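The next block holds one structure in the form of structure tokens; read it before the comments.
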Amino acid sequence: MRFCWLLLTGVAAFGQAPKLPADIDPQSYSRLPLLKREQFSGDDLRVWDAIAGKDKAVSPLGPVAASVYSMGVAGPMNDLNQYIRKTVVGTAMYQLCSLLAAREYDEPYEWNSHEGGAKRAGVDQKTIDAVKFNRSTEGLPEKDALVVKFGRALLKDHKVSSELYAEVVKAFGQQGMYEIASTIGDYVMVAIMLRAVDQHVPEPVANPLPMLGK
């Protein structure tokens, strides 16, 4: 989860930083102040070093900054995220799954951590925009459209039809189907965590995630 958890990189910033709500810490940009490595010892310190890095005296922004408040949560979350980054469905589909979760929870930090990664992984811009603006899957690359439909079924309908399930398994295999669902679930968990602490993006961005409503 380290890529998502590190301070956002490659995000175009402009203008002045917006005024933060009263309960937002000006350093963490969330409701939780940043913790320091020196505050931990034993097993907790080993978890810190695994997810934040031995060279980090202060936690990186985003999910790391929140998760280190509970090392029992932080360690397993990191283990799962590191595994699914090597999912059998490939990097592009992994990044697309993260965007589906971020869109569903209107989570700007998560979105801005992964939109650039999706582009670098070769996800079609039409696919990114279809997720970003909740557009139809018509005209998208076949596998992109299938993952978007599968993700939306899980996130919005809370069920997957037999026909859609069969299509996903045919395209990605049973393991691939399960890892797509697991990746979406992992980033839903991250999005919920970030929404709970009201994580803000450190700088205004050129192409923010629009709040579309439900």
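The values are calculated or read from the model by the stated rules, or taken from the named source; none is laboratory data. In this text, all values refer to a predicted model and were calculated from it rather than measured experimentally. Neighbour counts run over all protein chains shown; Cβ positions are idealised from the backbone, glycine included.
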Restricting the range 137-160 to residues that are touching a helix residue (DSSP H, G or I) at 6+ places or on another chain (Cβ under 7 Å) and not in a helix (DSSP H, G or I), the residue that is surrounded by the fewest Cβ atoms within 10 Å (Cβ to Cβ)
Lys159
Of the residues that sit in the range 50-94 and are charged (D, E, K, R) and farther than 22 Å from Arg195 by Cα, which one is nearest to the chain's Cα centre (by Cα)?
Arg85
The range 15-63: number of residues that are in a helix (DSSP H, G or I) and out of contact with any strand residue (DSSP E or B) (no Cβ under 9 Å at 6 or more places or on another chain)
13
Only one of these conditions is not met by Ala166: (1) over 27 Å from Ala65 (Cα atoms); (2) touching a helix residue (DSSP H, G or I) at 6+ places or on another chain (Cβ under 9 Å). Which number is it?
(2)
Checking Met193 against (1) surrounded by fewer than 15 Cβ atoms within 10 Å (Cβ to Cβ); (2) among the hydrophobic types (A, V, I, L, M, F, W, C); (3) within 12 Å of the chain's Cα centre (by Cα), only one condition comes out false. Which one?
(1)
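Quick grid of which residues meet (1) within 19 Å of Val168 (Cα to Cα); (2) in contact with a Phe, Trp or Tyr (Cβ under 6 Å, 6 or more places away or on another chain); (3) touching a residue at least 60 places away in the same chain (Cβ under 8 Å):
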position	(1), (2), (3)
Asn81	no, no, yes
Lys86	yes, no, no
Ala92	yes, no, no
Asn112	no, no, yes
Val123	yes, no, no
Ile128	no, no, no
Ser136	yes, no, no
Ala145	yes, no, no
Asp157	yes, no, no
List the number of the failed condition for Ala153; all other conditions in (1) farther than 29 Å from Glu203 by Cα; (2) assigned by TED's automatic domain parsing to the domain that holds Val47 hold.
(2)
Among the residues of the range 127-135, is any among the aliphatic types (A, V, I, L, M), assigned by TED's automatic domain parsing to the domain that holds Gly185 and not in a helix (DSSP H, G or I)?
no
